[in-house]
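The block underneath contains the structure these notes are about, expressed in structure tokens.
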Amino acid sequence: MTQPQPAAASPEHPAVLRLEARAAPSQAVAVLVSIVSVALALLVGGLVLLASGEDPIAVYRVMFTGAFGSRSSLAETLVKTIPLLLTGLGVGIAFRMQLWNIGAEGQLYLGAIAATGIALFVLPDAPASVLIPAMVLAGLAGGAVCGAIPGFLRARLGVNEIITSLMLNYVAILLADQLVHGPWRNPVGFGFPGTEQLPDAAWLPRWGTTRVHLGLAFGLVAALLVWVVLRRTRWGYEIGVMGGNERAARYAGMATARNILLVMAFSGALAGLAGMSEVAGIGHQLQRNLSPGYGYTAIIVAWLGHLHPAGITLVAFLLAGLLVGGDQIQMSMGLPAAIAPMLQGTILFFLLGGEALGRYRLVRRSPSAGPRPRAEAR
Amino acid sequence: MNDITSIAFLTSVLAAAIPAGTAILYACLGELLCERAGVLNLGVEGMMLMGALGGFAVAYHTEQAWLGAIAAFAVGGALASIHALLVVSLRANQVVSGLALTLFGSGLSAFLGRDLVGRPAPASFGKVAVPLLSDIPYLGSILFRQDALVYVSYGLVPLLWWFVFRTRPGLNLRALGENPATADAMGLNVAALRYGYVIAGGALAGVGGAAISLATNPGWSENMTAGRGWIAVALVIFGTWNPARAAFGAYLFGGVEAGQFRLQGAGVPISSFYLSMLPYLFTIAVLILASRETARRRIGAPAALGRPYVREERG
């Protein structure tokens, strides 16, 4: 069966175009593919808008100026960059190991719950120098626990982590709902479900008059940390090997089960920190609808950023702009903000297709190259 | 209704479990076909949502529930063809492509359905009592006072079981998922068949969505499937890729969902938020049980699940 010549199109399919693997996909191609896929997604999104009777140019203009057009809109984009960056980094490091953690949303909520609990009920009178580090630790721990559960089930019992991590999203959100409607509800909240406001010492410092808060530093430090872990540590090396070939890693003596658990916990911890910084930096209380799906957008952030901390940082900023722009068209044009997730999904489609075309190249093959003999086929 | 131990309460829960499970069942059977062919499609939630919206929109404008169901079938299949193109032809990562499909489907359905939120359904599948059978005590009112989509699913489960395990094309389907190189050598067109099963799977997921928007909860609202697509993916594993066992799982699930609602209605002193967690926690429990069982009986996922087939690597 070994043919010196790569198999050509089968006789039933006399296609002349086929995919042929490239020797090595270049960095330049990868970046180009990302840019082209965003552009094509905007084009398709524009067609959807056009088909439903909206003016795509006007919509995109409002979105763009709403996200990047002024100092205040840029600040708002940075505010939304924080949770996307942290969750994107967490998801990205798990994806590197072929661990499909799609539970960042729930991990974010659990981090927020833990941090709120510390500030309201454990250390309500502590100074900021104690309280904020304690909340950071609580947020990390809350997210880590939520990530470690699917990690443990995967490592010990071989349970599919995709579904367990996703199911915990619903559980964590319902738990937050239960707390803000029930035991943690602010008794003087005028019927709005939410906890009491956090003590002043729990508020993350803000940058000038904007809403940009210390969480941005958390995100950038985390990006650097992830880069160092992946590039400079033995653990990072093992993550890379296990992502490539889990069996090879096991034969090389790496503790695969322990690494699965650790990476899922680390991944969850970063998302938990995102939840903590949303509570301490923006809402100053635990409330319903804490996150508009940051944990899901994180998947796109990670993939579009090629699972690289620098790429994730850049993409988090750009997709934050998309979210802010989506809110803007909802406020000023009355269109649903759901345009943003729709565009995100479309971007991801084009990216996947484009990556395939970057990995392979389209080769035109003359029919004279001849179909592979298929005597064995009948 | 207030006595949760009465026979009447139990019957009403079981009667509600069947339609609640049916929506998940369609999606689950679709995913089962797709995975048997060796393709993982995590876009079930997105395809269900688009099916729910497409079905409701068509039924709303034509006042024909059946046309709605057919539209849902077509919409689900159309969305799945994007996944097929990406993962079969372009050999993209199946996990990420499926996630993209879910994000895309939920975003697009929320956008396109913005004017239909809260509209009453002019046409939906009502309960139809089967003559004679519905008069069987207890069982009759549980099984045979249901809507048309439920009755169709009663036929679909044995049909698919027979197809997968007792027919030649079913054998070929299993070969696609276990060893596509062998299927190729048998003269099967791996790519074309995988396209077919991915699209058929998506079409069934679309009908599953319509089973919600046209039968159990007539109407449209954003994200109305509330994770049922994901539960369907989990139930394929629980059902060990067997339509009959998948049906059992889906009805079990319908029971948890219906029971949870009835308990809330009966004023059980447990927070409704905790009760709402039950289906999701139950899914995790079910997956743990399934993992023990697959390990014990050595039955696992189709061997080639999630891997693109590239002929020259094997040839």
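Each residue in the range B:1-24 was checked for being surrounded by fewer than 19 Cβ atoms within 10 Å (Cβ to Cβ) and within 12 Å of the chain's Cα centre (by Cα), and 0 of them qualify. The single residue among A:L179, A:L198, A:L204, A:L137 that is part of a helix (DSSP H, G or I) and open to solvent by less than 70 Å² (accessible area, probe 1.4 Å) turns out to be A:L179.
Tell me the residue from B:L143, B:L149, B:L101, B:L108 that is within 14 Å of chain A (Cβ to nearest Cβ) and within 21 Å of B:Y26 (Cα to Cα), please.
B:L101
Count of the range B:188-233 residues, restricted to those that are within 14 Å of chain A (Cβ to nearest Cβ), part of a helix (DSSP H, G or I) and either over 16 Å from B:G177 (Cα atoms) or in contact with a Phe, Trp or Tyr (Cβ under 6 Å, 6 or more places away or on another chain) (or both), is 7.
Inside the range A:79-101, residues that are open to solvent by less than 10 Å² (accessible area, probe 1.4 Å) and part of a helix (DSSP H, G or I) make up a count of 16. When we screen B:A57, B:A27 for residues that are open to solvent by 20 Å² or more (accessible area, probe 1.4 Å) and touching a Leu at 6+ places or on another chain (Cβ under 9 Å), the only hit is B:A57. Residues in the range A:182-198 that are out of contact with any Ser or Thr (no Cβ under 8 Å at 6 or more places or on another chain) and either under 20 Å from A:G272 (Cα atoms) or within 8 Å of another protein chain (Cβ to nearest Cβ) (or both): A:G194, A:Q197.
Looking at the structure I just gave you, is B:R91 open to solvent by 30 Å² or more (accessible area, probe 1.4 Å), on the phi > 0 side of the Ramachandran plot and within 14 Å of another protein chain (Cβ to nearest Cβ)?
Numbers: open to solvent by 30 Å² or more (accessible area, probe 1.4 Å): yes; on the phi > 0 side of the Ramachandran plot: yes; within 14 Å of another protein chain (Cβ to nearest Cβ): yes.
Yes, satisfied.
Select, from B:A80, B:A121, B:A57, B:A72, the only residue that is over 30 Å from A:G243 (Cα atoms), of a type outside the set (D, E, K, R), within 14 Å of chain A (Cβ to nearest Cβ) and touching a residue at least 12 places away in the same chain (Cβ under 8 Å). Spell out how you get there, then give the answer.
Values: B:A80 fails: over 30 Å from A:G243 (Cα atoms); B:A121 fails: within 14 Å of chain A (Cβ to nearest Cβ); B:A72 fails: within 14 Å of chain A (Cβ to nearest Cβ).
Sole residue among the options that is over 30 Å from A:G243 (Cα atoms), of a type outside the set (D, E, K, R), within 14 Å of chain A (Cβ to nearest Cβ) and touching a residue at least 12 places away in the same chain (Cβ under 8 Å): B:A57.
Going residue by residue through the range A:330-337, is there one that turns out to be assigned to a helix (DSSP H, G or I), more than 13 Å from every other protein chain (Cβ to nearest Cβ) and modelled with pLDDT of 80 or more? For the range A:330-337, residues assigned to a helix (DSSP H, G or I), more than 13 Å from every other protein chain (Cβ to nearest Cβ) and modelled with pLDDT of 80 or more: present.
Among the residues of the range B:249-290 satisfying the criterion of being of a type in the set (V, I, T) and either in a loop (DSSP other than H, G, I, E, B) or open to solvent by 10 Å² or more (accessible area, probe 1.4 Å) (or both), which is farthest from the other protein chains (Cβ to nearest Cβ)? Ranking the qualifying residues of the range B:249-290, first place goes to B:V268. The one condition from (1) surrounded by 22 or more Cβ atoms within 10 Å (Cβ to Cβ); (2) at pLDDT below 90 that B:W220 does not meet is (2). Taken over the range B:129-183, the criterion of being out of contact with any helix residue (DSSP H, G or I) (no Cβ under 7 Å at 6 or more places or on another chain), surrounded by fewer than 14 Cβ atoms within 10 Å (Cβ to Cβ) and assigned to a loop (DSSP other than H, G, I, E, B) is satisfied by B:P131, B:L132, B:I136, B:P137, B:T167. Of everything listed in (1) surrounded by fewer than 23 Cβ atoms within 10 Å (Cβ to Cβ); (2) within 12 Å of chain B (Cβ to nearest Cβ), the single unmet condition for A:P341 is (1).
Taking the range A:30-80, which residues are of a type in the set (S, T, N, Q) and closer than 18 Å to A:L351 by Cβ?
Step one: of the range A:30-80, the residues of a type in the set (S, T, N, Q) are A:34, A:37, A:52, A:65, A:70, A:72-73, A:77.
A:S34, A:S37, listed by residue number.
Restricting A:E54, A:E76 to residues that are outside any helix (DSSP H, G or I) and open to solvent by less than 60 Å² (accessible area, probe 1.4 Å) narrows the list to A:E54.
Only one of A:M254, A:M242 is farther than 18 Å from A:V79 by Cα and open to solvent by less than 20 Å² (accessible area, probe 1.4 Å); which? Walk me through it before giving the result.
Details: A:M254 fails: open to solvent by less than 20 Å² (accessible area, probe 1.4 Å).
Being farther than 18 Å from A:V79 by Cα and open to solvent by less than 20 Å² (accessible area, probe 1.4 Å) holds for just one of A:M254, A:M242, which is A:M242.
Residue pairs whose Cβ atoms lie under 7 Å apart, sitting 6 or more positions apart in sequence or on different chains, and linking a residue in the range A:45-58 that is within 12 Å of another protein chain (Cβ to nearest Cβ) and in contact (Cβ under 8 Å) with a residue 24 or more places away in the chain to a partner that is assigned to a helix (DSSP H, G or I) and open to solvent by 60 Å² or more (accessible area, probe 1.4 Å), do not occur here.
Just to check your reading of the model, which residue among A:G147, A:G151 is open to solvent by less than 20 Å² (accessible area, probe 1.4 Å), part of a helix (DSSP H, G or I), at pLDDT 90 or above and over 25 Å from A:N289 (Cβ atoms)? Please lay out each step first, then the result.
Details: A:G147 fails: over 25 Å from A:N289 (Cβ atoms).
Unique residue meeting the criteria: A:G151.
Quick one: would you say A:A172 is within 14 Å of chain B (Cβ to nearest Cβ), open to solvent by less than 20 Å² (accessible area, probe 1.4 Å) and in contact (Cβ under 8 Å) with a residue 60 or more places away in the chain? The answer is yes for A:A172. Within the range A:313-321, is even one residue assigned to a loop (DSSP other than H, G, I, E, B), of a type outside the set (F, W, Y), touching a residue at least 60 places away in the same chain (Cβ under 8 Å) and buried (at least 24 other Cβ atoms within 10 Å of the Cβ)? Within the range A:313-321, none of the residues are assigned to a loop (DSSP other than H, G, I, E, B), of a type outside the set (F, W, Y), touching a residue at least 60 places away in the same chain (Cβ under 8 Å) and buried (at least 24 other Cβ atoms within 10 Å of the Cβ).
Residues in the range A:344-368 that are facing chain B (nearest Cβ under 9 Å) and open to solvent by 40 Å² or more (accessible area, probe 1.4 Å) were compared, and the one that is modelled with the lowest pLDDT is A:R359.
Going residue by residue through the range A:127-134, is there one that turns out to be buried (at least 18 other Cβ atoms within 10 Å of the Cβ) and more than 12 Å from A:I260 (Cα to Cα)? Yes, the conditions are met somewhere in the range A:127-134. Taken together, A:R185, A:R250 contain a single residue that is charged (D, E, K, R) and not in a loop (DSSP other than H, G, I, E, B), which is A:R250. Within the range B:30-54, the residues that satisfy the criterion of being open to solvent by 10 Å² or more (accessible area, probe 1.4 Å) and under 22 Å from B:G170 (Cα atoms) are B:L33, B:R36, B:L40.
Based on what the data block shows, is B:A200 surrounded by fewer than 23 Cβ atoms within 10 Å (Cβ to Cβ) and either among the β-branched types (V, I, T) or within 15 Å of the chain's Cα centre (by Cα) (or both)?
Working: surrounded by fewer than 23 Cβ atoms within 10 Å (Cβ to Cβ): yes; either among the β-branched types (V, I, T) or within 15 Å of the chain's Cα centre (by Cα) (or both): yes.
In short, yes.
Of A:E196, A:E161, all but one fail to be more than 13 Å from A:G111 (Cα to Cα) and within 21 Å of the chain's Cα centre (by Cα); the exception is A:E161.
Residues of the range B:239-248 that are open to solvent by 60 Å² or more (accessible area, probe 1.4 Å) and among the small types (G, A, S): none at all. The single condition from (1) away from every other protein chain (no Cβ under 13 Å); (2) more than 17 Å from B:M50 (Cα to Cα) that B:A65 fails is (2).
The values are calculated or read from the model by the stated rules, or taken from the named source; none is laboratory data. Bear in mind the structure is a predicted one, so any value in this text is a computation, not a measurement. Using ideal geometry, Cβ is built from the backbone for each residue, glycine included, and neighbour counts are taken over all protein chains shown. To get the accessible areas, we keep the full protein, side chains included, count just its heavy atoms, and leave off ligands, DNA and RNA. Shrake-Rupley method; radii C 1.70, N 1.55, O 1.52, S 1.80 Å.
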